[in-house]
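Comments concern the structure below.
Here, each number is a calculation from the coordinates, and none is a lab measurement. All of these numbers come straight from a predicted model, not from anything done at the bench. Heads up, the Cβs are rebuilt from the backbone with ideal geometry, glycines too, and the neighbour counts pull from every protein chain shown.
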């Protein structure tokens, strides 16, 4: 049952990250007129830093003093997640013609499953 609490915490942290991701993406795309993929990458990147901190401290309650190896693992998983996110975003918007922000939400849900599983088994085991 501990994994369920961990999963719920990961979801809460992910929700705050999603708000950061959407906020930065919207700002960069709508106000600063960045390319949608660059805006998406920036939003995702800001969310990664937030999520690493809160997942390390609260979700997985890491006691390791060596945060750098965990960060690099978390970052690797996040970069793979970003690639998946952008591929899904492309597929949903270009092939399925789903509106951008709906497609982004679907991509986030899909990548959430990858991120939780990989971080649970690899980063904070």
query: Which value in nm describes the separation of the simple spin-label points at residue 19 and residue 38, placed 7 Å from the Cα toward the beta carbon?
result: 2.8
Between 0 and 90°, nearest 10: helix 67-90 axis offset from the chain longest Cα axis: 30
Values of log10 I(q)/I(0), in the order q = 0.21 Å⁻¹, for the range 51-114 under a Debye, Cα-only, solvent-free model: -0.81
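With r as the distance between the Cβ atoms of residue 97 and residue 72 and R0 = 30 Å, compute the FRET efficiency 1/(1 + (r/R0)^6) and round to 0.05.
After rounding, the FRET efficiency stands at 0.20.
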message: I'd like the orientation of helix 36-54 relative to the chain: the angle between its Cα long axis and the longest Cα principal axis, in ° from 0 to 90, rounded to 10.
response: 20
statement: One finds, for residue 58 and residue 80 with R0 = 30 angstrom and r their Cβ-Cβ distance, a FRET efficiency to the nearest 0.05 of 0.85
FRET E, pair residue 45, residue 117, Förster distance 22 Å, beta-carbon r, rounded to 0.05: 0.55
task: Relative to the longest principal axis of the C-alpha atoms of the chain, give the angle of the C-alpha long axis of helix 100-118, reported between 0 and 90° and rounded to the nearest 10°.
output: 20
message: Quick check: pseudo-label points 7 Å beyond the Cα along Cα→Cβ at residue 90 and residue 106, how many nm apart are they?
response: 1.6
query: What is the spin-label model distance, in nm, from residue 31 to residue 3 if the labels are put 7 Å beyond Cα along the C-beta direction?
result: 4.2
query: Once percent of Cα pairs over 16 Å apart is worked out from the coordinates, which option in [x] 64; [y] 74; [z] 60 does it equal?
result: [z]
